[in-house]
Each structure stands twice: as C-alpha cells, then as structure tokens.
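Report on one structure; see the data block that follows.
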Amino acid sequence: MENCGQGCQDYTSRPKNTNIRLSLPVVCFVWQIAMIILFGVFIRYDEESDAHWVETKAHDNITSDIENDFYFRYPSFQDVHVMIFVGFGFLMTFLKRYSFGGVGFNFLIASFGLQWALLMQGWFHSLDPQTGKIYIGIESLINADFCVAGCLIAYGAVLGKVSPVQLLVMTLFGVTLFAVEEYIILNLLHARDAGGSMVIHTFGGYYGLAISWVLYRPNLHQSKRMQGSVYHSDTFAMIGTLFLWMFWPSFNSAITDHGDGQHRAVINTYLGLASTVLTTVAISSLSQKNGKLDMVHIQNSTLAGGVALGTAAEFMVSPYGALIVGFFCGIISTMGYLFISPFLEKTLKIQDTCGIHNLHAMPGVIGGIVGAITAAAASESVYGKQGLINTFDFTGDFKNRTVLTQGGYQAAGMCVSIVFGIGGGAIVGSILKLPIWGDPADENCFDDEMYWELPDEDEEHQESIPPILEYNNHIIHKQQDLAESNFSVENCES
Amino acid sequence: MENCGQGCQDYTSRPKNTNIRLSLPVVCFVWQIAMIILFGVFIRYDEESDAHWVETKAHDNITSDIENDFYFRYPSFQDVHVMIFVGFGFLMTFLKRYSFGGVGFNFLIASFGLQWALLMQGWFHSLDPQTGKIYIGIESLINADFCVAGCLIAYGAVLGKVSPVQLLVMTLFGVTLFAVEEYIILNLLHARDAGGSMVIHTFGGYYGLAISWVLYRPNLHQSKRMQGSVYHSDTFAMIGTLFLWMFWPSFNSAITDHGDGQHRAVINTYLGLASTVLTTVAISSLSQKNGKLDMVHIQNSTLAGGVALGTAAEFMVSPYGALIVGFFCGIISTMGYLFISPFLEKTLKIQDTCGIHNLHAMPGVIGGIVGAITAAAASESVYGKQGLINTFDFTGDFKNRTVLTQGGYQAAGMCVSIVFGIGGGAIVGSILKLPIWGDPADENCFDDEMYWELPDEDEEHQESIPPILEYNNHIIHKQQDLAESNFSVENCES
Amino acid sequence: MENCGQGCQDYTSRPKNTNIRLSLPVVCFVWQIAMIILFGVFIRYDEESDAHWVETKAHDNITSDIENDFYFRYPSFQDVHVMIFVGFGFLMTFLKRYSFGGVGFNFLIASFGLQWALLMQGWFHSLDPQTGKIYIGIESLINADFCVAGCLIAYGAVLGKVSPVQLLVMTLFGVTLFAVEEYIILNLLHARDAGGSMVIHTFGGYYGLAISWVLYRPNLHQSKRMQGSVYHSDTFAMIGTLFLWMFWPSFNSAITDHGDGQHRAVINTYLGLASTVLTTVAISSLSQKNGKLDMVHIQNSTLAGGVALGTAAEFMVSPYGALIVGFFCGIISTMGYLFISPFLEKTLKIQDTCGIHNLHAMPGVIGGIVGAITAAAASESVYGKQGLINTFDFTGDFKNRTVLTQGGYQAAGMCVSIVFGIGGGAIVGSILKLPIWGDPADENCFDDEMYWELPDEDEEHQESIPPILEYNNHIIHKQQDLAESNFSVENCES
C-alpha cells in the first residue's frame, strides 16, 4: 500500500533520500570482503578447537575431552546467542509498523558486528605477540556477542529513525570503541565485569543516547501516528522480553570462572530478575488509572535487575543482596519511563525510542556502583583465601591488590564506560548526520515502508472483511433503492 | 477503544470493581520485601556455588570443576525455565483479547512463586538443622521452577476470570500447599516423581479445578464474544505448545540421577510425546466434519504424553512402553476436550478455560498409575543390583524396601496429591471469593481491557484500511451523484 | 468464515475431495501401532542410558558420570530439536492463511518421522547382529531429528498444495530413502557429513523438488490470492529463521567428535552464517527499487551458509574459509530466489513454495563440493597425525585411505544424495498423485480452511472495527438525509 497523500508530498519536497540501493550493497560487500581478508591474516582456531588438541591436551593436565572449555561454556553461549538475535530483535518489534526493521536490522548489524568484534577484541586482548595471530574459541564467540550487545542497545535509542547504512556505521564505530574501553576497564584497570554492567550496558546506553541527541529531530511528531504499538506487535515484543529475561542468568555467567563462579552468577541473576518483575508491576500499576499495567514497563523494566547484576553477579552478594538490587532497579527503571524519558525528550532533546536510558544506562550505572561496593566489601571470611583470588583474579601484576583498591578501580571503570559512551556517541552521531546515509524524513520515521518491500495487505483485507464489503454493497443497494424510489416518486409525480 | 455500550452499563450497575491501583502495588511491595527479609535470614549459597568451593571440593572426591552439579543440570534448568515463562505463558495467549494477561500475569506470578518456593521447599526439604539455613544451588532453582509450574497449571483453569491480585494469592497458597504435599510424597512416602506427574500435574490440575468450581460464574456466557481465538492468537499459542513439547524431555530429566538416569528420562519423554502427537491428530480429525483439525487439541493434547511420563520417565519402562503411554494419553486427552470438559462445565459447574483437566489432571493421574505399576514391576534383572538402588533410592531408612512396597507408596503418593489439590483448591477458592480482590464482572471476562492499558487500535485501522474508506468515499460520491442525478432529473422535469 | 462464492462452486464441481476424516485417523493409528510393535521387537536403551550403566562403566575407562555421552551432546540435541519443530515449523508460517498448516503439519510429520527414523537408521547403522536389537542413546535421537529434517525440507517445496495424509506418506518414504542413502554415503563410501550438506540438505531438497515436479499444478494461479504473506505472518516466519540461524552451529556440531571437533564445527558455522547475512542483504537490496529489502530473502537466504558448511564445518577450513563459503552462499541463494525459482517454475514446471532449491538444494551441493575439496586438501601439518585420523575416521577398513581418495569419495557421496533425491522423489511423487489422499483443488491451495477448523474472525472484526461500521452508518444516515432532501426538494417543487 502506498503511504502517500499529504505525507508523500511533504516527503518529496524535502532533501531526504532513502534510496540505499547503492550504499547498502556497497557497504555490505566491501566490509564483508575486508572481514575475510583480515580473518585470513589474523584469526586462527585456538588450541581447544584445533585438531592438534589431541596431541597437546596432555600438556595441559586435561584428562578428558569433557574438560574442553567448550563444555563449560557452550550452553551459556547458545543462550547469549538467542538473547542477541531473538531477545534484542523481538524486543524491538513492538512498533505497529517497524517489526521488520526491528528484527531485521538487528539481525544485519549483529552479524556484521560479531565478525568485527572478533578482530577488535582479538587485537586488544589476545593477539599472540610471537605469531601475530588471534586464537579464537568458544569464549571469543561469547565476547563477540557481548560486544555486539552494546551496539544493539544503542540501536534501541534510534530505532525507526535511521537507515540500515547508518546502523552499520554506528556498529563499526561502536564495536571499535567497545574494544578500547573494554581493554582499559578489564585489562588496564583490572576491573571485574563479567556480565557487562559497565562495559556493555552503561557504554551501550550512553553511546546510543549521545547519538540520538546529535540526531535530534524537532519535527518527529510528524510520524506520531506510527509511534505506537498494536495488540499483536506488543505480543511479539514479549517474545523478546522473555528470552532476554530467561537467559540473562546465562549472560551474566557465560564467561565467569568455571565451577562455583558460573553457578553463583546464575543464582544471583535469577533472583535479582524475579524481584524486579514484582516492583515493576507495582510501579506500573500505581501510575495508571484503575491500576492497569503498561506493556512498555512490563516489556522493558522487568529486565533492569539483570543489567544491574552484570558486574556483581559473580561476587558473593548473597541471595538477598541480589533480591535487593532487583527490587530497586524495577522501581527506578519504571519511574524512568514515567518521568525521566519525557524529561530527556523535552529538556535535553534526547529522543529515546525504546527507553534504553531506563533499561540499560541507569541500571548499568547502578550495576557499576553495586559492583564497586561489593568488591570493596569482600573479605576472606566470606570468599575464602583462594576464592578471593579466583573471584577478583588477584594474580600476576595484581597479586597484591586489596579489595578496597579493587573497589576504587571498579568505580573508575564505570567512569571510563560513561566517558566512552557519551564522547564516542557524540562523535559518531556527527558522522551519521552527513546527508549521505539515506535516513528517513521526520514524517516517515517508524515506517517499514521506507526500507522493506511490504506485503500487499489490501488483498488480505479484502479476504478478511467481506462482511464489511457486503455491508457496503448493502448500503449501495439500499441507496439505489432510495434513489430509485425517488425516481418512482418523481415518476408518480410527473 | 472503549468497550462500552450495553456491557458497560451493565458492568457499572454491578458491585464489581476492577480497580487494583491500591491492592496490586501493595501486595507486590509487601510480599517482595518479605521475601528479601526471609532470604536474608534463611537462604545461602550451597557448597558448589560458594566461593569456598575450591577449598572444599577435595573432600568430596571431586577432581574437576566440570563435576560441579551445575554442569549436569544447567542445560536442563534453562529449558525448564523456558517452559515456565515462554511455554506456559504463550500457551495462554490463545484468546483473542487476553494475550497480555496470559503471558503477562504468568510472568508476574511465576516471578513471585519461584522466590516463595525456594523458601517453602527449603524449609521442608533442606533446612540445615545446625545452622538454621537453607543452602541453594542449581537443583533448588529447578525445583522452584517446578513448584511454580503447579500454580501456572491452576492459572489455566481460571484464565481470564480473575484479577492479578487473586492470582498472586492463589500462587502464595499454591506454593505452600505444593511444598507440603511434595514433602509428604517424596520424603515421607519416599515415592519417586522426578518429572512431577503427581506432585506437579495432578496437584496443580485439581487445585485449579477446585478453585474454578468455587468461583463458578453462572453468567459467564455474557462474555462469550471474547472466549474464542483469532488466527494469529492461535499461532502465538503454538509457540507455547512447541517450547513445552520440545523441552519436556529436559523437564522430566532435570533432577533425575546423573548419567543414565537423565539419559533414559530424556529418551522416554521424547518418544512418549512423539506418539501422543499422532493419536491427538487422529482423534481430533475423527471428531470434526471433513476430518479437519482443531487447534485446541493440537495446542494442548499433544503435551499429555509428557505429563504422563513425569513419574516413570526415569524408570526402565523401555522405549515401546513410553510409546504406549503416549499413545493412550493423546486419545484420552483429546476425548477429554470433546466430551469431559463440556460435562464438567454443565454438570459439575467447573469452568476450565484452558482445559487443564485434559492436559494436566487426567494425564497426571495416568502418570501416577503408570509410575506405581512400573515401580512394582521393577526387577534386578532389568535394572541391575546397583541400578535398582540408584533409581528408587533404596538407601538409608528405605534400604530394605521392596519394589512391590514401592509401587504401593507410589499409589499412595498419587492419592495425597489429589487430596491436596481438591482440598486446598476448595479452601483457597473460598478465600478468593471475598469481594476485595478486584475480579472482573462476568461480561468483562477474557478481556485485557480490564487490567491493561491497550494500544489504540483505531489509528491502526485507519492506517491499514484506506481501501475501505476510499470505497466508502466512493459510495458517498456515487450516492451524491445519484442524488444529484435526481436533482438533474427533476431539473429536467421541471 | 466460509470461503465460498465462485471458488466453492468450482471446487465442488471438481473431483477433489479434501475429506480426510477416514484416511488421516487410520494412517495415524495404524502407523503408530506399527511403531509400538516394531519398537517392542527391536529398540532398547543403549549402555549409557540403561540402569546397568553403573556396573558397566568401569569397563569403558569412564571415571565419572559426566563422561556419559549425554553431557557431550544434550545441549546440542535440544538446539536441533528446536530447529526441527520451531525452526522449520515457524519458517513455514509466512503465508497469510497457511500458518496452522505450516507449523501444525510440520509438528505431525516430524513426530512420526523421528520414530520411523530411529528404526530405519537403527536397522542400517546399529543393529546388533548378536541380539538383533537396536540400542539407542542421545546420538540416535539427534540422528532421528536429522533424518526428519530431510523430509521437512521436502515439505517446503509442496507447502500448501498437499494434504496431511500425503505428507505422512512422503515422510514414510522419505525417511526410508534417507536411511539407505545415508548408509551408502557414510558407511559404504565412508564419506564425512556431520552436518548433512549432502545427506540431509541435498537429498531433502531434490526429493522435495522432484515430488513437486510430479505434482505440478498448471492452474495454481487460481489460488494466487492466498500465496502472499501479511505483515504479521512474515514476523512469525522470522521466529523460525532466527532459531534456525542461531542454532545451526549446534546442528553442524551435534554429532561431530567430542572436544575439538564439536568446538571447531561451532566456530565455522557461526562465522559462515554471519557472512551470509551481509551478502544476502546486499543482493536483496540491489534487486529492488530504492534498495528495499525483501523478507523472502532475509527469511531464507541468510541460512544458506549453514547448509553449505554441513560437511566441512568439522574440518580445518579455518575461520576465513568459513567466511568465504558464507559469502558466496548468500549471493547464490538470493540470486536463486530472483532468477532461478521463476525459471524452474516456468520452464521446468517445478513449483517450489518455500524456495528450497535456493535454501537447501543448491547450498547443499556447494557444501558437498566444499567438503570434497577441503578433505582432499587436508594434511598432517594442519590436522596433526592423530587429528587427521580422528577427523576423517581413518580407522578399521579405512586405515590406509589417503585424503585425496577421501575427497573422491566425498564427491561420490554427493552424487548418491542427488540421485536418491531425484529418483526417490519422482517415484514417491507418482504415488502421491493417486486420487485417494485428499489433496486440495488448485483454487484451494495455501488455505488452512481445507484442513483446519478456523476461528470465527467475523466476530473479531465486528469487535475491532466499529469506527468503520459507525462510518457506514454515518453514510447511510447521510444518504437518507440526501434522499430525504430530495423528497423535500420534490415536495418543495410539487
């Protein structure tokens, strides 16, 4: 169905051009070929995924194939993979006419991003100085998915307002910035952040918000009719919400220590998220007439507890500690949707389509603070001597670090992620403002029509609403009868 | 869209008040705070999720982190988790206008229920008498999810007819009753029920049916227009069906013995469910004109085989035995939808929205019987000496129990679950009848409008049906032409 | 809603009879009973799922339950299971009015097929000559799911044009043919094909295409109105696409060697699929006006890289090699939808509803070729001495086989799969042409109305479109006003 009329005339009279028939294929082809070349030069299988493994495992005190890292991490990896593609993808299908863009562009940029992340993270974290190669295994794949998550969070802020080419550019720079801030936070500062409260959520959140701030559209109200949801698009979005919610324990435990580390991270995240659901429902109900619930809150704020436990999930926060974190995050995140998002839009001119400030940025900062406090409060009596060393990796250069110092570095790490998010987003936003990326006009935002061949719904409607058409026919006939009766009256008269 | 007119007037003239703006937030906040306090007092990490693990594992003959119970159970746990939230949740989206309530309230009560279950099950099963603490690990999380499943089954019977506050009350008591009957069945009677045919499905089924019986609504036909499905809501429900069906092998094997126990439970459940699909299709086709299939049967009865293997899946029922159980369950469950559900509603005044009698109660009872028979028929020649001891846990106080005695206790266990279900449901139903819980009037049942802010679909329809509007305009113009032609005729005449 | 009028009259005047009230139940019952009897005679638990395991494991150098094959394969198995039922099922919901048939018949035939596959594959691959029994474990279940996948692929070609009885017959023969060709390729030729590029995708693709060719319907355009998608059916199909895409690494690694074999297969498939997404998007965008994307390509062609790595994923193709395979598959598969499918339909009279030629047949052949080349190019320097033996299983009778010979046998294997697919499909297609299976008339294809009790949407539409009805009423009133004004004019006149 052509989306024409007044809107179309307005659109054609503006300098916006959403034709991406040249730019999108070129970017996809060139970047993918670059990936192939760079992978050829740099990326190799690591020891545990190389066929040589059989001969080398004896050296590693490995007695059985089951101790291959693959079996410790693969179930978590697959859960994370589902979160990236189905979780983030379907969470963004809530708009009435942007479901294709939500799930489809998510698919595209994640697929590019994970390749680029393997390279960027490899160069910064695991480049072998002797061979000049990056050796990848299952943990690398998880980290690549994590890195992509940061960019998908940012996508949430600009959902419906940018072209797929802009999204790819945003992902290219996002992954690059991510790898650098991650290197600073995890390697230089030696902060712990297994579930990425700081590295993923705080960075991704502020990165997206800063981009959205630069790309501010004062006339966005022109596409107001497209900004809502419909009944079934909200149901689709619940698929995303639930897969994110259910698999968040895997997210926060995917790269923590084998054994008790992964075990504990799962318990904490499971509990924190459960607690968040109840307080989200409470605040949502309080805020509406008759105590009705708002799907926006249920779809998003219920996840805040998982974000906020991203740093501390592997620590000994104890089960009730996890519940407390979840408790407050549900409240704060829902309050954010009610009060902070409108404020951001009106006062700070930040248009945040999915409310990532409430779901990722704020809970991420809370997570960083919780991490810093719980790290500073760690003790040998709670963790055990070896447990403390394992949990905070007090080995090598960091052998003599105290938990208090660790707490300080955790806090420093959080600042780094905010700075990289805001600074990086502002710069990348400026690049995205160039008039070459095929972004839509204000009145065409949130509309799949711009970038997708849509099915011809006319025919469907003809199929499914014969009663109406029949009714219309009925009207016509009735009218004709009336008209004829006029004639007859006239005839009688004449 | 306001759902007004005759229904609204009727509604306002009745004493029903669905305003839950006070009750829902209060219940959520108070209960969640209570959870935090109780968790603080009672719940701690168990040895395998505590950072001390490294120092203690040497005492447990554990040689590697991979032998942490986490790696035996985590993949199954995540599958069970998906069943609870996506499986049960989406299965209940089939109603045309209760998808938000189906998946959303499921989300809410499961999130509360699992916390309360950790406490209740902990007090009954694993309270350390010395420290007064409950130590939780991955198996506790699975058991909490199982416990919640019982309450979600009960939700199926009252779907669309109760308020979220009532559901939370139902879950509070349901989990409490569950923990007690589970303690009697598994600990005192020492019955085996790894997949919960008795403990979960029979109890949950009768609990829900008894509540629905107490809450009987003689005028429920007033909301008849809302009781059906639409094409896409049925498709959403298939997401629930399939995730339940696919992951049922994980459900029945999640807490069985390591090694062959889990392995066998998976094989049996996989086969039983496959068999059920064929007989469900057969009966469904037989029952309809031209052999057409009914989505209600496909969505529900195909799962009956998994329910009925909840007890016996870990036994040596042999592959063809599993097929036979599935075979009859498909027939009985589909017959239930065709004949027993209408009978229950008309004669016994039990209104069972999702037909949980056919999907959980009856197959659960069958499962209990199959379990008792196969336990009584177990022999050392089939199980091996050690296998028999492992499978039925003939250790400690039960060292000298014979398989025949075991069969008797299995049967006794089933009776306990029925008694707890019916008795508990009758009492809880009476509590839910109090006029303070915000339940909907008869004519407003099955309508998300009562408890959810719904998206404004008018606008969407304006968007998506221009052809009709144009057609209407066309009619108007045509009529005007007709009218004008009358004028002209008249003009000619005059 | 009755789908009547001209179509109905036409339908009743033709010899087609879609009444399957006798045939479907009979086939389901008889075949399921046959399964029970054959399972009773032949199928037993294998050592690792039998309760005797405890007593025998000492003999197998197994030191812990965690080395039960179950823990190596169960996570992958569950992912494959999701691909079969949700992946294939929802991928086929894209048609506007065939979602029930897409996901429902997929459910039915997969449930039958996996039972028959356990028998057929058991007889050919693992019948114990001494006891005459087939011993099954987790790997058997994976192989049964794989075998079913071949038939579900074939279903894609005839989607919407056959009856469920025809589908069951197609599955019966499909599984049988599959087991034979698999035996020839894997056991006699000793080709490697862990992810089934040849055995599953090439065979399944050509099997379906040959059947569709025999069942050619020259007047299929009569149901043209039903052949498209609608907005939400396309969104449902993305659920299928994404679960297939995400879990494909599990598919290709599910039965590869423990340890590095599974690990490497996951990495290769993960990378290949990522690469495919970018080139699919590029070609799709190039092919449309304004660079818009086509959902058909995104739903299907993005998966081609996984198909093409089915053989080589476990080999040392190296990460960039996987990217290259994915790169070309995305291009070729999307080109297939644009150019080859129309050609097949017009010139070769092959109607391929889902385009399985582009998603399975062609990429499967590419996968076979890639496998043959990479096998022939394998070397001890890359694989290590033991790695080469493990990867290609150069043991027993094949101890002295060289990699070059292996490459030749790989190529031979691919030819076998094509021959079995085309030959078998032609024969089975002829059987399916018999006028006894209840297939729909040309004008009733792609319509769930034929085989499903559909929800009564009229009521829903009445519910959801009052604005229109009100508008119609408005029109009537306006017209009456006009008419009355005519009267009044006349009255004035007279």
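The values are calculated or read from the model by the stated rules, or taken from the named source; none is laboratory data. Treat the numbers as computed from the prediction; the structure is a model and nothing was measured. Methodologically, a virtual Cβ is constructed for each residue, glycine included, from the backbone with ideal geometry; neighbour enumeration extends over all protein chains shown.
For every residue, the table says whether it meets (1) under 26 Å from C:Ser229 (Cβ atoms); (2) at pLDDT below 50; (3) hydrophobic (A, V, I, L, M, F, W, C).
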site: C:Val403; (1), (2), (3): no, no, yes
site: C:Tyr409; (1), (2), (3): no, no, no
site: C:Gly438; (1), (2), (3): yes, no, no
site: C:Leu482; (1), (2), (3): no, yes, yes
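Can you confirm whether C:Phe315 is surrounded by 24 or more Cβ atoms within 10 Å (Cβ to Cβ), over 21 Å from C:Gly87 (Cβ atoms) and among the aromatic types (Phe, Trp, Tyr)?
Details: surrounded by 24 or more Cβ atoms within 10 Å (Cβ to Cβ): yes; over 21 Å from C:Gly87 (Cβ atoms): yes; among the aromatic types (Phe, Trp, Tyr): yes.
Yes; evaluated as a whole, the condition is true for this residue.
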Lone unmet requirement of (1) in contact with a strand residue (DSSP E or B) (Cβ under 7 Å, 6 or more places away or on another chain); (2) within 22 Å of A:Val41 (Cα to Cα); (3) surrounded by 23 or more Cβ atoms within 10 Å (Cβ to Cβ); (4) not aromatic (Phe, Trp, Tyr) for A:Gly160
(2)
Has the stretch A:264-275 got at least one residue that is hydroxyl-bearing (Ser, Thr, Tyr) and out of contact with any Pro (no Cβ under 7 Å at 6 or more places or on another chain)?
yes
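Which residue, of C:Gly429, C:Gly413, C:Gly387, C:Gly423, is modelled with pLDDT of 95 or more and farther than 30 Å from C:Ile20 by Cα?
On inspection, the qualifying residue turns out to be C:Gly413.
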Taking into account only those residues within the stretch A:267-290 that are touching a Lys or Arg at 6+ places or on another chain (Cβ under 9 Å) and buried (at least 24 other Cβ atoms within 10 Å of the Cβ), which is nearest to the other protein chains (Cβ to nearest Cβ)?
A:Ser285
Residue hits (the stretch C:314-361; free of Cβ contacts under 8 Å to residues at least 60 places away in the same chain, under 26 Å from C:Glu380 (Cα atoms) and not in a helix (DSSP H, G or I)) are C:Val317, C:Ser318
Restricting attention to the stretch B:135-151, does a residue exist that is surrounded by fewer than 24 Cβ atoms within 10 Å (Cβ to Cβ) and farther than 26 Å from A:Ile267 by Cα?
no
Residue match in the stretch A:168-189 (condition: buried (at least 24 other Cβ atoms within 10 Å of the Cβ) and within 30 Å of B:Val80 (Cα to Cα))
no
Given the options C:Thr311, C:Thr241, name the one that is touching a residue at least 60 places away in the same chain (Cβ under 8 Å) and closer than 16 Å to A:Phe105 by Cα.
C:Thr241
Take the conditions small (Gly, Ala, Ser) and either in contact with a Ser or Thr (Cβ under 9 Å, 6 or more places away or on another chain) or within 30 Å of B:Asp448 (Cα to Cα) (or both) and apply them to A:Ala191. Does it pass?
yes
Search result, residues across the stretch B:297-323 that are out of contact with any helix residue (DSSP H, G or I) (no Cβ under 6 Å at 6 or more places or on another chain) and of a type outside the set (Ser, Thr, Tyr):
B:Gly321
Output the number of the condition that B:Thr302 fails; it satisfies all remaining conditions of (1) within 22 Å of C:Val26 (Cβ to Cβ); (2) free of Cβ contacts under 8 Å to residues at least 60 places away in the same chain.
(2)
Scan the stretch B:286-305 for residues that are farther than 13 Å from B:Gly355 by Cβ and either of a type outside the set (D, E, K, R) or not in a helix (DSSP H, G or I) (or both) and report the count.
8
Just checking, how many residues over the stretch C:365-409 are within 19 Å of C:Arg264 (Cα to Cα) and among the hydroxyl-bearing types (Ser, Thr, Tyr)?
5
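I need a count of the residues in the stretch B:316-332 that are under 22 Å from C:Leu38 (Cβ atoms) and either among the aromatic types (Phe, Trp, Tyr) or away from chain C (no Cβ under 11 Å) (or both).
Total satisfying the criteria: 4.
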With respect to the numbered conditions (1) away from chain C (no Cβ under 11 Å); (2) without any contact (Cβ under 8 Å) to a residue 12 or more places away in the chain, which one is the sole condition not fulfilled by A:Ser111?
(1)
Could you give every pair whose Cβ atoms fall below 7 Å, whose first residue belongs to the stretch C:250-269 and is without any contact (Cβ under 8 Å) to a residue 12 or more places away in the chain, and whose second residue is crowded, with 24+ Cβ neighbours inside 10 Å and aromatic (Phe, Trp, Tyr), counting only separations of at least 6 or pairs across chains?
C:Gly259/A:Trp53; C:His263/A:Phe70
Out of C:Met238, C:Met198, C:Met226, sole residue that is under 16 Å from the mean Cα position of the chain (by Cα) and either farther than 24 Å from C:Ile350 by Cβ or within 14 Å of another protein chain (Cβ to nearest Cβ) (or both)
C:Met238
Tell me whether the stretch A:440-458 contains one or more residues that are touching a Lys or Arg at 6+ places or on another chain (Cβ under 9 Å) and free of Cβ contacts under 8 Å to residues at least 24 places away in the same chain.
yes
Taking the stretch A:305-331 and keeping residues hydrophobic (A, V, I, L, M, F, W, C) and more than 19 Å from the chain's Cα centre (by Cα) leaves A:Ala312, A:Ala313, A:Phe315, A:Met316, A:Val317, A:Ala322, A:Leu323, A:Ile324, A:Val325, A:Phe327, A:Phe328, A:Ile331
